[in-house]
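Asker: Dumping the structure here so I can ask a few things about it.
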Amino acid sequence: MPIELLIAPAASGKTELCINRLRATQQENPLTQVWALVPNTQAAAQFRSRLAASGGGMGVKIGFFHHFYQDILEENGRFVPVISQALSHRLIQETVREVSASGNLRHYDAIKDKPGFFSVLKDSFAELRSTLVTPEALLDYTRGSTPARQELAILYERFLARLGTLGWIDSEGQAWLAIEALENNSAIASHESLVVVDGFTAFTAAQRRFLKLLGQQADEMIITLTGEPESTRMVHRRAQKVLQGLETELSPKIVTINHPALLATPILQMEKSVLNPEAVEQCELQEPILLEARSQSEEAREALRWVKQLHVRQNVPLSKCAIYTADLSTYQPLLRAAADEFGLNLRFSQRDPLVESPAILSMLNLLTLPLENYPTRALLNALHSPYFQFGLESQDVENLEKVSQQAIIVTGKDQWDAAWIMLARKHQDYAEALDDERYRPDLTAGIDLPGLKQRLDGFWNLFTQIEITRSEAGWVEWLEALLSTLSFYENISTERDRAACSSLGEALRALVVSEKVVGVREVDYSQFVTDLQSALNGANLEEPTEARKNAVFIGKLVEARGSRYQAVALLGFSEGLFPIVENPDPFLDEELRKDLGLEPRLQREQASTFYQAFTRADTHLLLTRPYLSKDGEPWEPSPYWQAAKALFKGRAIIKIQSFEGRPQAEAASPQELLFWGVQQGQLIYAEDNELQQRWQNLANAHRILDARRAKHAEGVYEGDLFEQASSLAQRYSAGYSWSASRLEAYGNCPYFFFVNSALNLDITKPLEPGLDSAQVGSLYHRILELIYSESTKNHTNPLDILDDVASRVFKDAPEMFGFRPSALWEVEKSQHLEKLRKSLQALEAERGAWQPIGFEKKFGIQGAPPLELRLNGRIILLHGVIDRVDHHPNGQTRVIDYKTGGSHLGELELKKGLRLQLPIYALAAQDALRLGEVVDGFYWKINDARPGGLKLSKFKAEEDEGIKAAYHVAKEYISSYVSKIQEGSFRPEPPSDGCPDYCPASQWCWRYQARYNND
Ligand code: SF4
């Protein structure tokens, strides 16, 4: 009996007719064998349920081509194992390696290890196989051609030869064997009464040949095709080509159906008229079917809102809804995020790559640590991972982070080893806020460092066995043991992670099996990790069963075939998104495709894809597009959008504008409802208790926002802690010892003081080798201290001993000041030395008769008396370290404070209360340390080799001048600051030159102002 080809427009009853024919055949002979070939899982499920609804189904085998290839082979008594995806990937990898080793890979040599190359080869081989291109034909065709083509042909030939040697087959190769079986045995499929081939939009050469041979043996075969014979419309062009191919090869009897398509009016109008060059009568719409949203993200939300509305208001089951888009990889995360918010289940045709699973990512991060010499951030991330138990408590990992910060551990076990020794001998001054130049907090105070080191050693021991080479099977065994030691599998708790573990198992099996089939090869650890990554790159994550229940189907536009839905939304109808911009295939070029009969990559009849996609909807259709590009420019609509729009009169398009209030009843999630409520100033569903509670929270948030947006910072949300005044007064009571830098911090910005000093928050800086500004400050102070103390003691010229002192300090500096020398340390040392030399020369030139008598003089620290100030009836204690105290032969005293930063050291800063250190230190030298009457003091700018602008002896206030005036101003500010701190007044006031980059509040402070020069 000839093969029947049933061609008719979409939704005109082709599947119905097939089902009726199946039922009739079954009724005639209940034990007969009938087959139904469908293109995808959705089509299979729908065909099965329609068949069941018609009262039949028993004995009908519904499946895909590969199921029937398998059946034919089994019928022929041949069982050939089909290679798994993971193993196929490995085999391609091995083939590339072999061809490269034989010197036949030049053109592709640079990308021979890239996982993407293996994936492309896998797809190219599959396409060549589906088009029945033999390796010999490809080698013949490429002889004398470009190196790229020749190498591809060699790889193809070697891959198939390897498969043949193993006695295995890839899924496309099954078609070849099934065809061969049908050709050699004309009775294998003769017991098939009816074969239905439904829902396809195209057939590969292998599929056509298989159908032809099957059709010759089966009693009856019906193939359906969506289209119209003789049609010249663009939307049917692909169907015409398929029809031609089938006619040439199968010589079928063409049958048409003449019923009208069973589609809702707007969809029917599009089915009949879209992209129809003939004049079309416009149709009136009840509701718009075209929706424009600002961005792709909003477009995804609107599409899902539309689905949810249909589900909630019109009881359309979610499983009867589908969304298609040409660019699924862009829309997939957007749809997933919106669906999570809206409480909708989605089912994607495209499974997530296995390497994106958190469990697998964590494992790969762990395995790559030794290869990258344990970068500290990645190491700490691994130690924090919930997938592993390293025998470390979470407090331990936090402490390790502190150790890494304190000892500047950038990378490598050797840095950790050195850090434990260094921290054990840590310089005592760490603990004290000496001044803003030298302050480094002691992050590791109170940590049991030996115990922590011992626990971390357990981690290093995990990788002691990786220096040797092993077989892949040996490495897999090592990995399994590692994962078991770390309780990896016990820590897997979600269905998604379980699916990832199962795919991981398959990838590991593929590594072991591939070695069995291609021969044992000893590889080092790095190669094993590369092979594992490559195997994982080729694998996808199984979709959890839960996700498949009552879910909206999401697929690519090209996958829209064979299944029908009540509601379909099509996304991305803007220029460049769909129709997609076609590019030639760099591996299988257009000329080769044409010559060998492969489908072209250019001119792919996208209008037919569009037709197939929108005709999947029976009742509800929505087309959406973004109208603004990412950079805010208008985004032109796609020509298909324009074509659809031209078919309707009245309101065909709805445009979503963010400034237009939307009915709250359309909100698809509580968050969205509340957001719209806030925009509109009222919540309509106020009787709902939970919503009411959240509404109240938002009202509070609104007050905070208002306070933060007010021109002047004020109120409890902007640093007024008056309610905490009693506890603040207690904390900063008479016994509290202040440093000049703390008080100056308050003067520069009260909120900065609150965050940094009261809350003790600090910025975690990225770890970098080399010295930070505090360490440079400490280094310079130490060298100057030693130079002056030794030169004073030995009566030598300070400049004569500079080199010697500096070299001694440089030698111990990393350990003493806790930094990791960078590669430029040697160069940096000579730069530091040069700066110090210039500074010292200038200092000496300025010295005159002054004689240094005190260096690093502490007050209020380590038993030294504090400076006690009696201000407004209370005692304020102060501590600090005076860099240098000089005596004059006339009995006078002066203080010098070294600074590496060169700005804000003038008189004005003292008048504004931003710099109080110098008068405080002068008072401390005089009153606390009793070093004589201080008559002067100045800052010394080491880098600039000159004094700062403030000289205490020349200070001028409004009513007074000299050092006494400076004391008076400083005391006024000290008293005022302490009072305000005790009262809880911490309003943010950005410094006049912007906020310092070390202010921890800069992460969230609404008063933040960028600083242009952070010196
Ligand atoms: S960011 Fe600026 S205004 Fe805000 S607390 Fe820090 S220094 Fe003050």
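Asker: More than 27 angstrom separation, counting every C-alpha pair in the stretch 858-1015; what % is that?
Answerer: The share of Cα pairs beyond 27 Å in the stretch 858-1015 comes to 30 percent.
Asker: Could you rank Arg23, Arg731, Arg709, Arg455 by how accessible they are, 1.4 Å probe, largest area first?
Answerer: In descending accessible area the options line up as Arg709, Arg731, Arg455, Arg23.
Asker: Then there is this: Between Ala707, Leu443, Ala823, whose Cα lies farthest towards the positive end of the dipole of the chain when Lys and Arg beta carbons carry +1 and Asp and Glu beta carbons carry -1, centred on the Cα centre?
Answerer: Of the options given, the answer is Ala707.
Asker: At 222 nm, what helix-only mean residue ellipticity would the chain give, in deg cm²/dmol to the nearest 500, using -39500 (n - 2.57) for each DSSP H run of four or more?
Answerer: -14500 deg cm²/dmol
Asker: Also, I was wondering about something else. Using Cα atoms only, what is the angle between the long axis of helix 14-28 and the major principal axis of the chain, expressed in degrees (0 to 90) to the nearest 10?
Answerer: Approximately 50 degrees, to the nearest ten.
Asker: To continue, here is another question. Calculate one ³J(HN,Hα) per residue across the stretch 549-558 by plugging θ = phi - 60° into the Karplus curve 6.51 cos²θ - 1.76 cosθ + 1.60, and present them in order as whole Hz with x for glycine and proline.
Answerer: Working through the residues one at a time gives 7, 6, 10, 6, 7, 10, x, 7, 4, 5 Hz.
Asker: Quick check: with the 1.4 Å probe, what order do His620, His191, His968 take by accessible area, largest first?
Answerer: If we order His620, His191, His968 from most to least accessible, we get His968, His191, His620.
Asker: What is the list of residues in the stretch 925-952 whose amide nitrogen lies under 14 Å from a point 7 angstrom out from the Cα of Lys964, following Cα to Cβ?
Answerer: Label zone hits: 934-935.
Asker: Give me, ordered by chain and number, the residues 5 or more places off Phe648 or on other chains with an amide H under 5 Å from its own placed amide H.
Answerer: Residues meeting the amide H criterion: Cys283.
Asker: Now, a different point. Considering amide H positions built from the backbone, and no H for Pro or chain starts, which residues 5 or more places from Leu623, or on another chain, come under 5 Å of its amide H?
Answerer: For Leu623, whose amide H was placed from the backbone, the distant partners under 5 Å are Leu290, Leu291, Leu570.
Asker: With r as the distance between the Cβ atoms of Ile763 and Asp524 and R0 = 56 Å, compute the FRET efficiency 1/(1 + (r/R0)^6) and round to 0.05.
Answerer: 0.85
Asker: Still on this structure: Can you give me the accessible area per residue for the stretch 182-285, using a 1.4 Å probe, in Å²?
Answerer: With the other protein chains kept in place, the stretch 182-285 gives 46 Å² per residue.
Asker: Here are some pairs, Lys858/Lys911; Lys951/Lys980; Lys122/Lys413; Lys14/Lys655; Lys793/Lys911; which of them have Cα atoms lying more than 31 Å apart in this structure?
Answerer: Checking Cα-Cα distances, Lys122/Lys413; Lys14/Lys655; Lys793/Lys911 exceed 31 Å.
Asker: Roughly how many percent of the accessible protein surface of the chain is carbon and sulfur, given a 1.4 Å probe and a whole-percent answer?
Answerer: 49
Asker: Which parts of the stretch 935-961 would a label at Ala845 reach, counting a residue when its backbone N lies under 12 Å from a point 7 Å out along Cα-to-Cβ?
Answerer: Answer for this model: 945-947.
Asker: So, one more: Working from Cα positions, state the angle (0 to 90°, nearest 10) between the long axis of helix 328-342 and the longest principal axis of the chain.
Answerer: Long axis of 328-342 versus the principal axis of the chain: about 70 degrees.
Asker: Cross-link candidates for Lys829: which lysines have Cα within less than 17 Å, leaving aside residues fewer than 8 places away along the same chain?
Answerer: By straight Cα distance, Lys829 reaches Lys811, Lys838.
Asker: In square angstrom, rounded to the nearest 10, how much accessible surface does Leu160 have for a 1.4 Å probe?
Answerer: Spelled out: Leu160, probe radius 1.4 Å, area about 20 Å².
Asker: Follow-up. Suppose all protein chains stay in the model; what accessible area per residue would a 1.4 Å probe give for the stretch 708-860, in Å²?
Answerer: Accessible area per residue: 49 Å².
Asker: Heads up, I need the accessible area for Phe79: 1.4 angstrom probe, whole protein in place, Å², nearest 10.
Answerer: Accessible surface of Phe79 is approximately 150 Å².
Asker: Right, next: If R0 is 60 Å, what FRET efficiency do you get for Lys272 and Gln389 from their C-beta distance, rounded to 0.05?
Answerer: Plugging the Cβ-Cβ distance into 1/(1 + (r/R0)^6) gives 0.40.
Asker: Residues of the stretch 732-764 with the amide nitrogen closer than 17 Å to a label point 7 Å from the Cα of Trp1004, along Cα-to-Cβ, please.
Answerer: 751-764
Asker: With every protein chain left in place and a probe of 1.4 Å, what is the accessible surface of Met422, to the nearest 10 Å²?
Answerer: Surface open to solvent at Met422 totals about 20 Å².
Asker: So what is the diffusion coefficient of the chain in µm² per second by Stokes-Einstein at 20 °C and 1.002 mPa s, using a Kirkwood Rh over Cα pairs?
Answerer: For these conditions, the coefficient is 60 µm²/s.
Asker: Scan around Val197 for amide H atoms under 5 Å from its own, H built in the peptide plane at 1.01 Å from N, and keep only partners 5 or more places away or cross-chain.
Answerer: Under 5 Å from the amide H of Val197: Leu37, Ile222, Ile223, Thr224.
Asker: Roughly speaking, what is the stretch gain from Gln465 to Asn797, that is 0.36 nm per residue apart minus the C-alpha to C-alpha distance, in nm to one decimal?
Answerer: Between Gln465 and Asn797, full extension yields an extra 113.7 nm.
Asker: What does the charge count around Asp618 come to, taking other residues whose C-beta lies under 9 Å from its C-beta (Lys +1, Arg +1, Asp -1, Glu -1)?
Answerer: My count for the surroundings of Asp618 gives +3.
Asker: Residue by residue, what Karplus-based ³J(HN,Hα) values in Hz, rounded to whole numbers, does the stretch 933-940 have, using 6.51, -1.76 and 1.60 with θ = phi - 60° and x for Gly and Pro?
Answerer: Along the stretch 933-940, the couplings run 6, 7, 10, 7, x, 7, 8, 10 Hz.
Asker: Report Rg(Cα)/(2.2 N^0.38 Å) for the stretch 814-938, keeping two decimals.
Answerer: My calculation over the Cα atoms of the stretch 814-938 gives 1.25.
Asker: Can you tell me the FRET efficiency between Glu495 and Ser992 if r is taken as the Cβ-Cβ distance and R0 is 51 Å, rounded to the nearest 0.05?
Answerer: Efficiency, from the Cβ-Cβ distance: 0.35.
Asker: Right, next: List, in order, the whole-Hz ³J(HN,Hα) value for each residue of the stretch 639-651 obtained from phi through the Karplus relation with A = 6.51, B = -1.76, C = 1.60 and θ = phi - 60°; use x for Gly and Pro.
Answerer: Per residue, the Karplus-derived 3J(HN,Hα) values read x, 5, 4, 4, 5, 5, 4, 5, 7, 10, 10, x, 8 Hz.
Asker: State to the nearest 20 debye the size of the charge dipole of the stretch 272-323 about its Cα centre, where the only charges are +1 on K and R beta carbons and -1 on D and E beta carbons.
Answerer: 420
Asker: Another question about this same structure. Just order 879-885, 129-135 by mean Cβ neighbour count inside 10 Å, highest at the front, would you?
Answerer: Ranked by mean Cβ neighbours within 10 Å, highest first: 879-885, 129-135.
Asker: Relative to the longest principal Cα axis of the chain, at what angle does helix 237-250 sit, 0 to 90 degrees, rounded to 10?
Answerer: Relative to the chain, helix 237-250 is tipped by roughly 50 degrees.
The values are calculated or read from the model by the stated rules, or taken from the named source; none is laboratory data. Given the structure is predicted, the values throughout are model-derived calculations rather than measurements. Here the Cβ is made from the backbone with ideal geometry for all residues, glycine too, and neighbour counts use every protein chain on show. Heavy atoms of the whole protein, side chains included, go into the accessibility calculation; ligands, DNA and RNA do not. Shrake-Rupley method; radii C 1.70, N 1.55, O 1.52, S 1.80 Å.
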